[in-house]
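A short write-up of the structure that comes next.
The values are calculated or read from the model by the stated rules, or taken from the named source; none is laboratory data. These numbers come from a predicted model, not from an experiment. Positions of Cβ are generated from backbone atoms using ideal geometry, with glycine treated the same way; all protein chains shown enter the neighbour counts.
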Amino acid sequence: MTLKHLIDYSCETTFWVAVTVGLCNEDDQIVPYADAGPLSVKLLKHGTLKTYKDFPHGMPTTEAERINADLLAFLQS
């Protein structure tokens, strides 16, 4: 068990009222998908999960074109 498994951030999500999109990579080795993506978005009242397959942990930088297009589409919806 690592430190990240001992910290509960769920209380911080109760104050979020904005529509939120969570971007997750299904194969992330730094932040495992099952421990982060679906669980964090479920805690948000207006959360949406956008999942990517085979994107690296630094996907906003390395996959900027795709991420930016998806964020723009989310904001326009």
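A few notes on this one:
- Subset of the stretch 26-38 (residues that are in contact (Cβ under 8 Å) with a residue 24 or more places away in the chain and among the small types (G, A, S)): none
Each row is one residue, and each column tells you yes or no for (1) modelled with pLDDT of 85 or more; (2) not aliphatic (A, V, I, L, M).
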| position | (1), (2) |
| --- | --- |
| F15 | no, yes |
| T62 | yes, yes |
| I67 | yes, no |
| L72 | yes, no |
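- Selection from the stretch 39-77 of residues that are over 10 Å from V21 (Cα atoms), without any contact (Cβ under 8 Å) to a residue 12 or more places away in the chain and part of a helix (DSSP H, G or I): L39, K42, T61, T62, A64, E65, N68, A69, L72, A73, Q76
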